[in-house]
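A.B. asks: Before I ask anything, let me first share the structure, which is written out below as structure tokens.
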Amino acid sequence: MKLCIDDANVEKIRRIYESFPVDGVSTNPSILAKAGRPPYEVLREIRSIVGAEGELFVQAVSLNAETMLEEARRIVRELGDTTLVKIPCIPEGFKAMALLRGEGIRFIGTAIYTPMQGFLAAKCGAEYAAPYINRIDNLGFDGVQVAKDIHDAITRSGLDSGLLAASFKNSQQVLELTKYGVKAVTVAPDVIEGLVKNAAIDAAIAKFISDFQGVAGEGRTMADCG
């Protein structure tokens, strides 16, 4: 399973990249707006962090297929071929997906709240379908289950697509979909850090260090002990 960062804060992205085995960065218009700078300026900085091979997800904001295609061309021209264009799963979006597929531009289906949206995106050739886990929960439904339903529909139909599950509020949601074998998740930096944040872990490490320094000397490590 691929693990991506769902943010446009360059410093947070750099910090996560330095510590965790992540595969790319996902953005959306609202996330980019929080950066408070010109979108392509931020996105170029993110591209420099993820490298030429890392996947970068950037959303089109138009409401008709032809201008979505124009946006997609510019996005890929500016940010490289490993950039995937996020297209909303609405009728004009599905129309745009056909155009993008014809030009060989990589894309994913986004703004997904129902299983059929995800399935139709996969049918249109999307590399990923991106259901919004927590937002679905907030509507009174089970976001994790909706994601599982989309995953099952795609895999049982033999479609060459998968999930890029998004909008997580906690590490348990991420764990549930990791165990289910989804293709990818995109997670906010604080939730990624929460994947390994545990008082028991900290206590165990502190005990190891205390015991070791009790025989080797304060401040000693395996690099400089006797």
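The values are calculated or read from the model by the stated rules, or taken from the named source; none is laboratory data. Remember, it's a predicted structure, so these values are computed and weren't measured experimentally. Please note: Cβ atoms are built from the backbone with ideal geometry, for glycine as well, and neighbour counts cover all protein chains shown. Only protein heavy atoms, including side chains, enter the accessible area calculation; ligands, DNA and RNA are left aside. Shrake-Rupley method; radii C 1.70, N 1.55, O 1.52, S 1.80 Å.
A.B. asks: Can you tell me how many residues within segment 19-48 are touching a residue at least 12 places away in the same chain (Cβ under 8 Å), among the small types (Gly, Ala, Ser), open to solvent by 30 Å² or more (accessible area, probe 1.4 Å) and within 17 Å of Val76 (Cβ to Cβ)? Reasoning before the result, please.
C.D. replies: We begin by selecting, within segment 19-48, every residue touching a residue at least 12 places away in the same chain (Cβ under 8 Å); these are 20-29, 31-32, 34-35, 40, 42-47.
From the residues that got through so far, the ones that are among the small types (Gly, Ala, Ser) too are 24, 26, 35.
Subset that is open to solvent by 30 Å² or more (accessible area, probe 1.4 Å): 35.
With within 17 Å of Val76 (Cβ to Cβ) added as a condition, the list becomes none.
Final tally of qualifying residues: 0.
A.B. asks: While we're on this one: Could you give every pair whose Cβ atoms fall below 6 Å, whose first residue belongs to segment 1-18 and is free of Cβ contacts under 8 Å to residues at least 60 places away in the same chain and within 28 Å of Tyr180 (Cα to Cα), and whose second residue is open to solvent by less than 70 Å² (accessible area, probe 1.4 Å) and assigned to a loop (DSSP other than H, G, I, E, B), counting only separations of at least 6 or pairs across chains?
C.D. replies: Here the result reads Ala8/Thr27, each pair linking segment 1-18 to a residue that is open to solvent by less than 70 Å² (accessible area, probe 1.4 Å) and assigned to a loop (DSSP other than H, G, I, E, B).
A.B. asks: Every residue in segment 5-37 that is in a helix (DSSP H, G or I) and within 28 Å of Ser62 (Cα to Cα), please.
C.D. replies: Val10, Ile13, Pro29, Ser30, Ile31, Leu32, Ala33, Lys34, Ala35
A.B. asks: Within segment 102-121, can you find the residues that are closer than 30 Å to Phe141 by Cβ and open to solvent by 40 Å² or more (accessible area, probe 1.4 Å)?
C.D. replies: Within segment 102-121, Arg106, Tyr113, Thr114, Pro115, Met116, Phe119, Leu120 qualify.
A.B. asks: Of the residues that sit in segment 49-89 and are of a type in the set (A, V, I, L, M) and part of a strand (DSSP E or B), which one is surrounded by the fewest Cβ atoms within 10 Å (Cβ to Cβ)? If you could, list the steps in order and put the result at the bottom.
C.D. replies: Residues of segment 49-89 of a type in the set (A, V, I, L, M): 49-50, 52, 56, 58, 60-61, 63, 65, 68-69, 72, 75-76, 79, 84-85, 87.
Imposing the further condition that a residue be part of a strand (DSSP E or B) reduces the set to 56, 58, 84-85, 87.
Values: Leu56: 21, Val58: 27, Leu84: 26, Val85: 26, Ile87: 31.
Result: Leu56.
A.B. asks: Also, I was wondering about something else. May I ask you to list the residues in segment 197-209 that are modelled with pLDDT of 90 or more and hydrophobic (A, V, I, L, M, F, W, C)?
C.D. replies: Those that are modelled with pLDDT of 90 or more and hydrophobic (A, V, I, L, M, F, W, C): Ala200, Ile201, Ala203, Ala204, Ile205, Ala206, Phe208, Ile209.
A.B. asks: Restricting the first residue to segment 102-119 and requiring it to be closer than 20 Å to Thr27 by Cβ, which pairs with a second residue that is surrounded by 22 or more Cβ atoms within 10 Å (Cβ to Cβ) and modelled with pLDDT under 95 meet a Cβ separation below 7 Å and a spacing of at least six or different chains?
C.D. replies: none
A.B. asks: When the residues of segment 169-194 are filtered to those that are free of Cβ contacts under 8 Å to residues at least 60 places away in the same chain and not in a helix (DSSP H, G or I), which remaining residue is farthest from Phe141 (Cα to Cα)?
C.D. replies: Only one residue tops the list, namely Asn170.
A.B. asks: Then there is this: Taking only segment 120-161 into account, find how many residues are in contact (Cβ under 8 Å) with a residue 12 or more places away in the chain and at positive phi.
C.D. replies: Total satisfying the criteria: 1.
A.B. asks: Here's a follow-up. Of all residues being open to solvent by less than 80 Å² (accessible area, probe 1.4 Å) and among the hydroxyl-bearing types (Ser, Thr, Tyr) in segment 170-226, which is nearest to the chain's Cα centre (by Cα)? Just the residue, please.
C.D. replies: Only one residue tops the list, namely Thr186.
A.B. asks: Does Ile46 satisfy being in contact with a helix residue (DSSP H, G or I) (Cβ under 7 Å, 6 or more places away or on another chain) and part of a strand (DSSP E or B)? Don't jump to the end; show me each part of the working.
C.D. replies: On the way: in contact with a helix residue (DSSP H, G or I) (Cβ under 7 Å, 6 or more places away or on another chain): yes; part of a strand (DSSP E or B): no.
It is false that Ile46 is in contact with a helix residue (DSSP H, G or I) (Cβ under 7 Å, 6 or more places away or on another chain) and part of a strand (DSSP E or B).
A.B. asks: Look through segment 154-168, keep the residues that are in a helix (DSSP H, G or I) and farther than 20 Å from Gly93 by Cα, and return whichever of them is most open to solvent (accessible area, probe 1.4 Å). Working first, answer last.
C.D. replies: Start the filter on segment 154-168 by keeping residues that are in a helix (DSSP H, G or I), which leaves 154-156.
Checking the rest, the ones that are also farther than 20 Å from Gly93 by Cα come to 155-156.
Values: Thr155: 75, Arg156: 192 Å².
Result: Arg156.
A.B. asks: If you take the residues of segment 1-60 that are among the acidic types (Asp, Glu) and at pLDDT 95 or above, which of them is farthest from Ala165 (Cα to Cα)? If you could, list the steps in order and put the result at the bottom.
C.D. replies: Residues of segment 1-60 among the acidic types (Asp, Glu): 6-7, 11, 18, 23, 41, 45, 53, 55.
Cutting the leftovers down to at pLDDT 95 or above gives us 6-7, 11, 18, 23, 41, 45, 55.
On the way: Asp6: 10, Asp7: 14, Glu11: 23, Glu18: 23, Asp23: 14, Glu41: 26, Glu45: 24, Glu55: 15 Å.
Checked segment 1-60; the qualifying residue farthest from Ala165 (Cα to Cα) is Glu41.
A.B. asks: Also: Going by the structure shown, is Gly118 under 19 Å from the mean Cα position of the chain (by Cα), assigned to a strand (DSSP E or B) and not hydrophobic (A, V, I, L, M, F, W, C)?
C.D. replies: Details: under 19 Å from the mean Cα position of the chain (by Cα): yes; assigned to a strand (DSSP E or B): no; not hydrophobic (A, V, I, L, M, F, W, C): yes.
Answer is no for this residue.
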